[in-house]
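The values are calculated or read from the model by the stated rules, or taken from the named source; none is laboratory data. The structure presented is a predicted model; accordingly, all values stated were derived computationally and were not measured. Heads up, the Cβs are rebuilt from the backbone with ideal geometry, glycines too, and the neighbour counts pull from every protein chain shown.
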Amino acid sequence: MAESKPKIKRTLTGEVVSDKMAKTLVVEVHRMKQHPVYKKRYRVTKRYHVHDAKEEYKVGDRVRFRACRPLSRTKRWHTVPKSDKKK
């Protein structure tokens, strides 16, 4: 049989805007979109609920997070450990 390739999970980077929940962060991700007709670029913001088991991130921190299985009704992401960031 052929070897199966490891699945690459979606990874995003954003800023923590809330850490008030237990083991959960609210992270805002900003990206630029371009209008299809007028070609003007504009900023789009989206918020994600991210699982932070060690509770190591605080408001204002930049955090990388990765897709995972559903952990709750709104949480489908978990943080990438700080040691993995440099790789």
Next on the checklist: Can you tell me how many residues within region 20-44 are within 27 Å of LYS7 (Cα to Cα) and loosely packed, with under 10 Cβ neighbours inside 10 Å?
Outcome noted: 1
Checklist entry - Does at least one position in region 38-55 carry a residue that is at pLDDT below 95 and within 10 Å of the chain's Cα centre (by Cα)? => result no
Next on the checklist: Under 9 Å between Cβ atoms, which residue pairs at least 6 apart in sequence (or on different chains) link something in region 28-57 that is under 13 Å from GLY14 (Cβ atoms) and of a type in the set (Val, Ile, Thr) with a partner that is in a loop (DSSP other than H, G, I, E, B) and modelled with pLDDT of 95 or more?
Outcome noted: VAL50/TYR57
Checklist entry - On the given criteria, is LYS20 over 15 Å from the mean Cα position of the chain (by Cα), at pLDDT 95 or above and either over 21 Å from HIS78 (Cβ atoms) or among the β-branched types (Val, Ile, Thr) (or both)? => result no
Item to check | In region 56-66, residue nearest to the chain's Cα centre (by Cα) [restricted to those that are surrounded by 13 or more Cβ atoms within 10 Å (Cβ to Cβ) and outside any loop (DSSP other than H, G, I, E, B)] | outcome: PHE65
Next on the checklist: Just checking, does region 71-83 include any residue being more than 13 Å from the chain's Cα centre (by Cα) and part of a strand (DSSP E or B)?
Outcome noted: no
Item to check | Unmet criterion (only one of (1) modelled with pLDDT under 95; (2) in contact with a strand residue (DSSP E or B) (Cβ under 9 Å, 6 or more places away or on another chain); (3) farther than 11 Å from THR24 by Cα) for ALA67 | outcome: (1)
